[in-house]
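The values are calculated or read from the model by the stated rules, or taken from the named source; none is laboratory data. All values reported here derive from a predicted model rather than from experimental measurement. For neighbour counting, all protein chains shown are included, and Cβ atoms are generated from backbone atoms with ideal geometry for every residue, glycine included. In case anyone asks, the SASA skips ligands and DNA or RNA and just uses the protein heavy atoms, side chains included. Shrake-Rupley method; radii C 1.70, N 1.55, O 1.52, S 1.80 Å.
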Amino acid sequence: MIKQNLLALQIVIPLIAAPLCILLRRRALVWGFAVLVCWLTFGISVVLLRQVLETGLVSYEMGGWAAPWGIEYRADPLSAFVLLFVSGIGAIVLSSAGLKDTALDEIPVSRQYLFFTLYLLCLTGLLGITITGDLFNVFVFLEISALSSYGLIGLGGRRQALPAAFQYLVMGTIGATFILIGIGLMYMMTGTLNMADMAERLVMADGGRTALVAFGFLTVGIGIKMALFPLHIWLPNAYAYAPSLVTAFLAATATKVSVYILLRFVFSVFGVTFAFETLGLGGVLMFLSLLGIFVASTVAIFQTNIKRMLAYSSVAQIGYMVLGISFASTTGLVAGIVHLFNHALIKGGLFMAMGCVMLRLKSVDIEDMAGIGRKMPFTMAAWAVGGLGLIGIPATAGFISKWYLIRAALEQNWWIVAVMVLISSLLAVIYVWRVIETAFFKEPSARAREAREAPLSMLLPTWVLVGATLFFGVMTSTSAGVAGRAAEVLLRVIP
Amino acid sequence: MMDNVFGLYNYWVVIFLMMTGFYIVISQRNLIKKVIGLNIFQTSVFLLYITIGKVEGGTAPIVSEGFNVYTNPLPSVLILTAIVVGVATTSVALALIVRIREAYETIEEDEILAQEKLT
Amino acid sequence: MSSSTLVQLVLLTPLVGAGLILACGKRPNVREMVTLLTGVTLFSLVVSLLPAVMAGERPTFTWFEMFPGLPIAFTLEPLGMLFALVASGLWIVTSIYAIGYMRAHHEEHQTRFYTSFALSIFGAMGIALAGNMLTLFLFYEILTLSTYPLVSHHGTEGAMKGARTYLSVLLSTSVGLLLLAVAWTWVMAGTLDFTEGGILAGKVEGPMVLVLLALYAFGTGKAALMPFHRWLPAAMVAPTPVSALLHAVAVVKAGVFTVMKVVVYIFGLDFLSASGANVWLMYAAGITIILASFVALAQDNLKRRLAYSTVSQLSYIVLGAALANSWGVVGGSMHIAMHAFGKITLFFCAGAIYLATHKTEISDMRGLGRTMPITMFAFLIGALSVIGVPPLGGSWSKWYLALGAVDAGQWVFVTILMVSSLLNIAYLIPIPIRGFFSSGPDSVPRAPIKEAPLFCVIALSLTAIGCIALFFFADGVYQLLLPLAGG
Amino acid sequence: MLLLLCVTAVAVVRMRGLWAAVMMMGIYSFLGASWMLLLDAPDVAFTEAAVGAGISTVLALATLGLTTTRAKQRSGSSMLPLVIVGITGAALVYGTLDMPHFGDPDSPANSYPHPSYVERTEGDIHIPNVVTAVLASYRGYDTLGEVVVIFTAGIAVFVLLRGSRSRKRTHRSEGSEVRVSRHD
């Protein structure tokens, strides 16, 4: 019974839990409940992934109505993989918010229980996007996650959070509306909203031009959502001024899920042939991603607010993922998908560490962080490991992604691209090292002198993420293995 | 050619409306006007969907004796959902505006940016 | 214990040592005992493996697969054996020296210092034992990163700047060029294992061999081939024990070791010499040898002069590799050991002089031989060994290198070796000469004998004796290395 | 009808007064709703009239009450937005060229899936209004999602506006303080 409804439970559990959070109200209580729900969701996704790896595809018809009439939920290796790390990171990040003296303190006490509600809703939205097999349903869940994240960002303590959230809202809504237009046009051409069904009918449908435009709108819309350069302008402010926990969660998951939608549309709905051979999407994506990597990395170097710096770095890292996708080869896709996962871990860990810093310093300004490595050695050690992952030093997860990316480039004899990827990681060295140098080798700032180590309840989740970065930097059979399966499914190497 | 013009005329109008809304969003500096623009943009997309569903000579999809041709019900269903989503977005946006006004004493984008530069 | 277990232990010992040192941070005496004990354990483990390797055994083990078909694996072969012996043996001596130096100098953050040191040795051991290029690359980066805190140890603006140069050159070459070369090799050859006779034969052709060799040679920034040598003088801001062990032995030798490994086990001597792609590398090495010597001549700061001398001497080894024949490879590899002993002695002396007199500039060092006779004598021995005068170890490696050059028909390089030896004399010998025979500033009365702390003197005497001993034991080294040449 | 829609939309662009702009928005929604009615989508039309024209407008007016009613004369070039909009619009028009014509009963959207919702509904659900039927059954899940969206928005608005008075004070008293982030 449970096994059959696993797909539905994945969404329904956090969905139902969200309003219950309002009823609980008391901080410890609501935290315990929400964390439990998150871990439960994670557990389900683990079972689901194993199931998918066994059978290849798990499908569920919502309400018992078969597609194309009803809404179908389906999980293939890619979606199961995304579900896994989104729910996992969601659970880890939320675990840190528990007792007194954590990053949750950035949010006024009177609103903390609502934070949990929004958090769970956002999680629901992200999971829903990943799991659904219905185009319009994607839009609905997209809006759930988006609306809740506007609220979450608006919770940020500084007033800059408000315009940041507003800007995100405007751009996000434009993106969503573009996606809606795309969906509408697709529906017009095929008469169905089910993705698998649509992929089949698209081949029969004549009307290349409409499909082309639909494709364009979907790509631009998703591009905004995933902060693909140059559509990224909402992201740095949103990440910089949101509460640290929110940043950690969103940075690790939200853009990743958007990349997932892109993969889904491009490979599952439109098909490689149409997207890459007819349209030459590869060239466009490659150009934009490389440009994005360089520009965003360079901008990151000049930031003084470290959360903002990491946000720009995220824009650059999205570039790596898209670059991998743009190769449209198995290795390239593995690179893109595995980087989804690896970067989620790395950025999650880094922003969690920033949460610890924020908690103790009340600032994430580089000047204030001088000498903090001596006062908060565990926090900053975690940051340093995460930073190394960002650069792609061997034995961290970042290296794995880079390795696949370079291999993908070399396999197709794109020398220049391989070289550019490597050069760009040197830019990461600069912005990461600036922080390491300041934190460990400079004389402590006034704020740093008064700081002390972050509480264990924050350090533990941070180190779980950072530890995972190291673990998946050497043990790649899980991450790269599943990514490989996912890539094969997307490219229809195996049915 | 003329066939095309008549067949697609409705779409073109809808496109014009959508683009007007889109233009308001990205060109206006006043936050409320941006929201209005978003609203118009979204409403126009709803019109697009409804236009898709229209069947020549059909009638509203309420099953009753004497009618055989019905307009496609699915777009209507979708748009009912989308309208609600639109309003939800609008309300969050407006709430944000209220708070921004409290924090910055203005709802003009340029002035907010100017204040940020100073602080 | 089987030799493959021993190899694992060799790798784990410094890592465990680092952990223990960190744990004992509050008690300096215990901490330094742990350092020494780790060093001794490590060295004895390495030595215990020697007979097996001499007998032709190649202990191997695999940790796990990082990528499908591409594991983190280790194999101990003669070249790695030599490097491991030199690095672990000299670590003990350096630890003795460091204890004297760091205490006398009242350095801060000593726990961080010793921990990073042990981690660096861990990196060096990993490089020595690496069974494939990916593993080597992994430990290469570990070595780079673990040395960084040592270079920036003082935390001053100058130290930070030096450390920044250090890091940026090493990281950008390794990430920008070496990683590319490794990935490319993987894509083309389908393996990265170090295999006798190389893995690239028949896989790459024409000018691509040249490009790939260039990526490897310049990508290995630690080999300090010009123009990527800047980090080495910059790293001289570190405390002297660091300069001595890491920037005369472990780090730089890891670089040339990598080049040697690549030439022998990735390209294969026959393939490389047949392709003719090695000729430019000879010239690049030759130019570095001569140019760096000239630069060294112009330096007045003793440590900087030694650093440029190292740059020059490293290219001897690169030259040996580039010759791609048996004499060249044996000579080059041997030079790893010979130069290590000579140069570490010189650095120890430089540190001792600094401790005793706070002098860093060569022009200030007149008459020092009278106040610090042991130090200056050791300096002389080290200098002579680096120059290559019998009966000191350095003479053998130069001899084999010259043979290699003759064998390859490259008479130019015989000349270069000669000229370089002359330049060595010109920039090294004046220092002890002035020390012993030139009187100090006239106004200052003759100072009594004042040597550096005992620990330091012991250490520098040991390495100086080592220079002499190596002359007589060179045959052992030769026997060890012979399999490299395919003999 | 369509002309009126266009005129209203353009009027919003030109207008400075926010009251009037909001009213125009309401009118626009209302006109849109009327057109939907003409296109045989009465359910949507009613919803749009009530929610789009009604609630949105009221909310916007309430916001105006809390903030300000005049938009500043905008400065700077309006070329870039025009270009973006132009390109987007042109793309869309280009896309229409392959579209099935307006009202075409054989278009994929109107002929698939077979049997159609209308035909299935009669047998499956027994509610004459197909839209309601589909909404509640086949795509009931979207409807659930819609409820969640409302809920989410409600929470978000609540979170944002709750205690905003106290925040107001904090912000003012803090003046240009940027780094300190806690208020409670």
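If I ask for residues that are at the interface with chain A (Cβ under 10 Å from one of its Cβ atoms) and either in contact with a helix residue (DSSP H, G or I) (Cβ under 6 Å, 6 or more places away or on another chain) or surrounded by fewer than 18 Cβ atoms within 10 Å (Cβ to Cβ) (or both), which ones from segment C:141-156 would you list? Matches in segment C:141-156: C:ILE142, C:THR144, C:TYR148, C:PRO149, C:SER152, C:GLY155, C:THR156.
In a residue-by-residue description of segment A:291-302, the property of being under 21 Å from A:GLY387 (Cα atoms), of a type in the set (S, T, N, Q) and touching a residue at least 60 places away in the same chain (Cβ under 8 Å) applies to at least one position.
Scanning segment C:63-93 for residues being touching a Pro at 6+ places or on another chain (Cβ under 9 Å) and assigned to a loop (DSSP other than H, G, I, E, B) gives a total of 2. The set of residues in segment A:116-139 that are of a type in the set (Gly, Ala, Ser) and within 15 Å of the chain's Cα centre (by Cα) comprises A:GLY125, A:GLY128.
Per-residue answers, yes or no, for (1) of a type in the set (D, E, K, R); (2) in contact (Cβ under 8 Å) with a residue 12 or more places away in the chain; (3) not in a helix (DSSP H, G or I):
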{"position": "C:GLN8", "(1), (2), (3)": "no, yes, no"}
{"position": "C:LEU12", "(1), (2), (3)": "no, no, no"}
{"position": "C:VAL30", "(1), (2), (3)": "no, no, no"}
{"position": "C:LEU42", "(1), (2), (3)": "no, yes, no"}
{"position": "C:LEU50", "(1), (2), (3)": "no, yes, no"}
{"position": "C:PHE61", "(1), (2), (3)": "no, yes, yes"}
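Scanning segment A:250-308 for residues that are surrounded by fewer than 17 Cβ atoms within 10 Å (Cβ to Cβ) and of a type in the set (Ser, Thr, Tyr) returns A:THR273, A:THR278, A:THR298, A:THR304. Do we find that C:THR13 is open to solvent by 40 Å² or more (accessible area, probe 1.4 Å) and at pLDDT 85 or above in this structure? So C:THR13 does not fit the description; no.
Let's see how each residue does on (1) open to solvent by 60 Å² or more (accessible area, probe 1.4 Å); (2) in contact (Cβ under 8 Å) with a residue 24 or more places away in the chain; (3) touching a Gly at 6+ places or on another chain (Cβ under 9 Å):
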{"site": "A:ALA428", "(1), (2), (3)": "no, yes, yes"}
{"site": "A:LYS442", "(1), (2), (3)": "yes, yes, yes"}
{"site": "A:ARG447", "(1), (2), (3)": "yes, yes, no"}
{"site": "A:LEU460", "(1), (2), (3)": "yes, yes, no"}
{"site": "A:THR469", "(1), (2), (3)": "no, yes, yes"}
{"site": "A:ALA480", "(1), (2), (3)": "no, yes, no"}
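Scanning segment C:230-257 for residues that are surrounded by 24 or more Cβ atoms within 10 Å (Cβ to Cβ) and outside any helix (DSSP H, G or I) gives a single hit, C:ALA238. Counting only residues that are touching a residue at least 40 places away in the same chain (Cβ under 8 Å), surrounded by fewer than 24 Cβ atoms within 10 Å (Cβ to Cβ), among the aliphatic types (A, V, I, L, M) and under 16 Å from C:LEU171 (Cβ atoms), segment C:205-229 holds 0 of them. The residue list C:LYS203, C:LYS222 contains one member that is charged (D, E, K, R) and part of a loop (DSSP other than H, G, I, E, B), which is C:LYS203. When B:LEU8, B:LEU94 are checked against the criterion of being touching a helix residue (DSSP H, G or I) at 6+ places or on another chain (Cβ under 8 Å), at the interface with chain D (Cβ under 7 Å from one of its Cβ atoms) and modelled with pLDDT of 80 or more, a single residue qualifies: B:LEU94.
The residue of segment C:157-172 that is least open to solvent (accessible area, probe 1.4 Å), among those that are within 9 Å of another protein chain (Cβ to nearest Cβ) and not hydrophobic (A, V, I, L, M, F, W, C), is C:SER172.
Put simply, of B:GLU116, B:GLU102, B:GLU56 the only residue that is modelled with pLDDT under 85, open to solvent by 10 Å² or more (accessible area, probe 1.4 Å), within 7 Å of another protein chain (Cβ to nearest Cβ) and not in a helix (DSSP H, G or I) is B:GLU56.
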